[in-house]
1. Would you tally the residues in region 66-84 being charged (D, E, K, R) and surrounded by 16 or more Cβ atoms within 10 Å (Cβ to Cβ)?
2. Residues in region 190-207: is at least one in contact (Cβ under 8 Å) with a residue 60 or more places away in the chain and buried (at least 22 other Cβ atoms within 10 Å of the Cβ)?
3. Just name the residue that is surrounded by the fewest Cβ atoms within 10 Å (Cβ to Cβ) out of those in region 50-65 that are among the hydroxyl-bearing types (Ser, Thr, Tyr) and within 23 Å of residue 140 (Cα to Cα).
4. Filter region 245-257 down to residues that are under 18 Å from residue 167 (Cβ atoms) and surrounded by fewer than 20 Cβ atoms within 10 Å (Cβ to Cβ) and give me whichever is farthest from the chain's Cα centre (by Cα).
5. Inspect all residues belonging to region 119-136 and state whether any of them is surrounded by fewer than 23 Cβ atoms within 10 Å (Cβ to Cβ) and within 23 Å of residue 58 (Cβ to Cβ).
6. For region 195-232, give me each residue that is under 18 Å from the mean Cα position of the chain (by Cα) and closer than 22 Å to residue 56 by Cβ.
7. Collect the residues in region 25-64 that are part of a loop (DSSP other than H, G, I, E, B) and touching a strand residue (DSSP E or B) at 6+ places or on another chain (Cβ under 6 Å), keeping them in residue-number order.
8. Looking only at region 150-187, how many residues end up being among the basic types (Lys, Arg) and either crowded, with 22+ Cβ neighbours inside 10 Å or under 18 Å from the mean Cα position of the chain (by Cα) (or both)?
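The values are calculated or read from the model by the stated rules, or taken from the named source; none is laboratory data. Note that the structure is predicted; figures quoted are calculated from it, not measured. As a convention, Cβ positions derive from the backbone with ideal geometry for all residues, glycine included, and neighbour counts pool all protein chains shown.
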Amino acid sequence: MDLRKALQELQGKTRPPVDDKASRAPLIEIFHSIQGEGRFVGVPMAFVRTATCPLRCLYCDTPNSYKAPPTAPVRFGVRTSQEPNPVTAPRAAELVRQVTQAALPGLQQKRVSVTGGEPLVFPEFVRDLGRLLRDQGFRLHLETAALDAKALELCVGQVDHLSADYKLPETLGEPEKAELRLLPGNSYGERHLRCVEVALRRGASVDVKIVLTDKVLDPGFERALADLTPVKSKVLLVLQPVTPFGAVHRALPGRDLERFVATAVREGFDVRVVPQTHKTLQVP
């Protein structure tokens, strides 16, 4: 028997069997990083990034997540492999375990952030991935545009922390789906609030993130705070001054950021200002 054939047979024996009934999702990547998110910035955790997104945020720095690639890179420290799409939840859970072990063996508090794209396009995958990983001692963070409360209800039982966006209309481009188009003067505020309430009922901790660009005006920001008033004592409000990318060419002036912070504090919110850190830290 030649060596190549022997290796192929060995791989066939060790590779987990494919479960045709297992939930699955197309992925962009799996990696481990200290970038964190919101209140967890700087906290080591694995990231599972799903493909596809119904929105087109003007500031989006992951346009590669709009469509699923044939394979997704999985980074095991200095080594990278390619995983065929779509990926089943059991396979993704095993890859997360391996990625975490390769990056930080002996890590006491293991965390995984499921992000996107938009992971709530695949709520069954989030649910099953969360169940498998939480059984292994992981805590699951879900980062979402928070537009679909029904999808969140399907998986929230496995979510320990929710990072929910509040999308200000002036930061958005034309959405992919017609049903998400906003009429002048409208917002996604009611959708966002319903998602936050779903997570709070489950007992998850919740951050609400608002990205601030130089196009954001006081009336739109104040409306967002009004929409979030029913939950303001139960969430952490994370204000993220935009990192220029794509259609956004200018940073938010410091005086505007200070004004928005003062407005949120005056309205009774617990506020953190957290810019994107991974580019500064030069990590994934």
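1. The qualifying residues number 2.
2. Looking through region 190-207, at least one residue is in contact (Cβ under 8 Å) with a residue 60 or more places away in the chain and buried (at least 22 other Cβ atoms within 10 Å of the Cβ).
3. For region 50-65, the residue satisfying everything is 62.
4. 247
5. yes
6. Result: 195, 208, 209, 210, 211, 212.
7. 37, 51, 58, 59, 61
8. The number of residues fulfilling the criteria is 2.
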